[in-house]
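To start, the structure under review is shown below, and the notes come after it.
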Amino acid sequence: MKKIIVVLCILLLMLSSVLVGVTYASLASKTPSVVNTFVVGNVSLSLTESTGSNYLLIPGTTVKKDPRVMVGKNSEKCWLFFKIESDEELEKLVTYSIADGWTALEGVEGVYWRQVEETPEDKYYSIIKDDKITVKDTVTEEQLAVFGNDPKMIFYAYAIQFEGISAPETAWENLQTEEDEA
């Protein structure tokens, strides 16, 4: 009888250890992992013009000129700039206006900016209002003869991410610093 009691005690002990193990195993849990993926933002940019690059200066005429800045699809929200460099003499002979939506950058001649939201598609922004430049009707042959070389108007486009940059002046300074380092 003693043997039976000892065997029963051993069996009871074994059963209780199995139950404790099962209970412990059922209390343990594993959570799914969290994966963080970091992607690099992108601002895609191009400058186009379909009207060519050579224009006749005839007093009183309007010249079609359509420079456009394109922010590419899937670009991040950005500060968008363009800069016009033009011969001083040319500026005396022609008139044009900057297209709507652009703001002159204070203190920087010929530089304009705008904010561009994240875009799922290519988005084009005109630079010259109504895509035209007018040659003043008061231009004389003598004024045109001043040009030993053909006068030039050069357009540049720049963009930088919006995030982390609070003002267009700061964005422009950052762009100039990057350009100087390149």
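The values are calculated or read from the model by the stated rules, or taken from the named source; none is laboratory data. All figures in this text were calculated on a predicted structure; none of them were measured in a lab. Methodologically, a virtual Cβ is constructed for each residue, glycine included, from the backbone with ideal geometry; neighbour enumeration extends over all protein chains shown. Remember, those area values only see protein heavy atoms, side chains included, never the ligands or the DNA or RNA. Shrake-Rupley method; radii C 1.70, N 1.55, O 1.52, S 1.80 Å.
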Exercise. Going through region 78-110 one residue at a time, which ones are among the aliphatic types (A, V, I, L, M), surrounded by fewer than 19 Cβ atoms within 10 Å (Cβ to Cβ) and over 17 Å from Lys132 (Cα atoms)?
Worked result: Ala104, Leu105, Val108
Problem set entry | Any pair with Cβ under 6 angstrom, 6 or more apart, that starts in region 78-98 at a residue that is more than 19 Å from Leu47 (Cβ to Cβ) and ends at one that is surrounded by 19 or more Cβ atoms within 10 Å (Cβ to Cβ) and at pLDDT 90 or above | Val94/Ile133; Val94/Val135
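For Glu121, are the conditions met, namely being within 17 Å of the chain's Cα centre (by Cα), closer than 25 Å to Ser50 by Cβ, of a type outside the set (Ser, Thr, Tyr) and open to solvent by 90 Å² or more (accessible area, probe 1.4 Å)? Spell out the reasoning first.
Details: within 17 Å of the chain's Cα centre (by Cα): yes; closer than 25 Å to Ser50 by Cβ: yes; of a type outside the set (Ser, Thr, Tyr): yes; open to solvent by 90 Å² or more (accessible area, probe 1.4 Å): yes.
Considered against the rule, which asks whether it is within 17 Å of the chain's Cα centre (by Cα), closer than 25 Å to Ser50 by Cβ, of a type outside the set (Ser, Thr, Tyr) and open to solvent by 90 Å² or more (accessible area, probe 1.4 Å), Glu121 comes out as yes.
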Seminar exercise, completed: Going through region 156-172 in order, the residues found to be assigned to a strand (DSSP E or B) and free of Cβ contacts under 8 Å to residues at least 24 places away in the same chain are none
For this session: Please work out which residue is farthest from Ile98 (Cα to Cα), limiting yourself to region 56-79 and to residues that are in contact with a Ser or Thr (Cβ under 6 Å, 6 or more places away or on another chain) and of a type in the set (D, E, K, R).
Result: Lys64
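Of the residues that sit in region 137-146 and are out of contact with any Lys or Arg (no Cβ under 8 Å at 6 or more places or on another chain) and touching a residue at least 12 places away in the same chain (Cβ under 8 Å), which one is least open to solvent (accessible area, probe 1.4 Å)? Please lay out each step first, then the result.
Initially, region 137-146 is screened for residues out of contact with any Lys or Arg (no Cβ under 8 Å at 6 or more places or on another chain), giving 137-142, 144-146.
Within this subset, residues satisfying the condition of being touching a residue at least 12 places away in the same chain (Cβ under 8 Å) are 137-140, 144, 146.
Details: Asp137: 120, Thr138: 97, Val139: 14, Thr140: 53, Leu144: 52, Val146: 88 Å².
Of everything passing the filter in region 137-146, Val139 is least open to solvent (accessible area, probe 1.4 Å).
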Problem set entry | Pairs with Cβ under 9 Å, 6+ apart, first in region 60-77 and in contact (Cβ under 8 Å) with a residue 24 or more places away in the chain and open to solvent by 30 Å² or more (accessible area, probe 1.4 Å), second aromatic (Phe, Trp, Tyr) and assigned to a strand (DSSP E or B) | Arg68/Tyr124; Arg68/Tyr125
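How about region 32-46: which of its residues are closer than 24 Å to Gln161 by Cβ, modelled with pLDDT of 75 or more and open to solvent by 70 Å² or more (accessible area, probe 1.4 Å)? Walk me through it before giving the result.
In the first step, residues of region 32-46 are kept if they are closer than 24 Å to Gln161 by Cβ; the result is 36-46.
Then drop every residue that is not modelled with pLDDT of 75 or more, which leaves 42-46.
Answer for region 32-46, where residues must be closer than 24 Å to Gln161 by Cβ, modelled with pLDDT of 75 or more and open to solvent by 70 Å² or more (accessible area, probe 1.4 Å): just Asn42.
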Exercise. Assuming Ile128 fulfils every condition listed in (1) β-branched (Val, Ile, Thr); (2) farther than 23 Å from Thr62 by Cα; (3) crowded, with 16+ Cβ neighbours inside 10 Å apart from one, which condition is it?
Worked result: (2)
